[in-house]
Amino acid sequence: MNALPPELQAQVEAICAEGCNHVRAVIRRLEADSPPAELRKLDPDARQRILRELQAIMAVYDAH
């Protein structure tokens, strides 16, 4: 797994700081290609990288 660049990691951390429900909402929006305002400025590749990272994080929580 490739580490995210610092600017994308900061976005992931900010999203996660809002809690699991927010993370799930962001995942749904990214999957629907309707990114939230804070991610719209990113290119599609960056948004996909954030989506994959959020999905991986939530997979840990959802497994328990």
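Quick note: the coordinates plus some simple rules give every number you see, no bench work behind them. Treat the numbers as computed from the prediction; the structure is a model and nothing was measured. Quick reminder, even Gly has a Cβ in these numbers, built from the backbone with ideal geometry, and neighbours come from all protein chains shown.
Values for this structure:
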read-out: Selection status of Ile27, in contact with a His (Cβ under 9 Å, 6 or more places away or on another chain) and of a type outside the set (Phe, Trp, Tyr); value: no
read-out: Qualifying residues in the range 1-17 (those that are outside any loop (DSSP other than H, G, I, E, B) and over 11 Å from the mean Cα position of the chain (by Cα)) - the one farthest from Ala37 (Cα to Cα); value: Pro6
read-out: Extreme residue, surrounded by the fewest Cβ atoms within 10 Å (Cβ to Cβ), among residues of the range 45-64 that are within 17 Å of Pro6 (Cα to Cα) and free of Cβ contacts under 8 Å to residues at least 24 places away in the same chain; value: Asp45
read-out: Qualifying residue in the range 18-25 (condition: part of a helix (DSSP H, G or I), touching a residue at least 40 places away in the same chain (Cβ under 8 Å) and surrounded by 12 or more Cβ atoms within 10 Å (Cβ to Cβ)); value: yes
read-out: Residue within the range 47-62 that is in contact with a helix residue (DSSP H, G or I) (Cβ under 8 Å, 6 or more places away or on another chain) and basic (Lys, Arg) present; value: yes
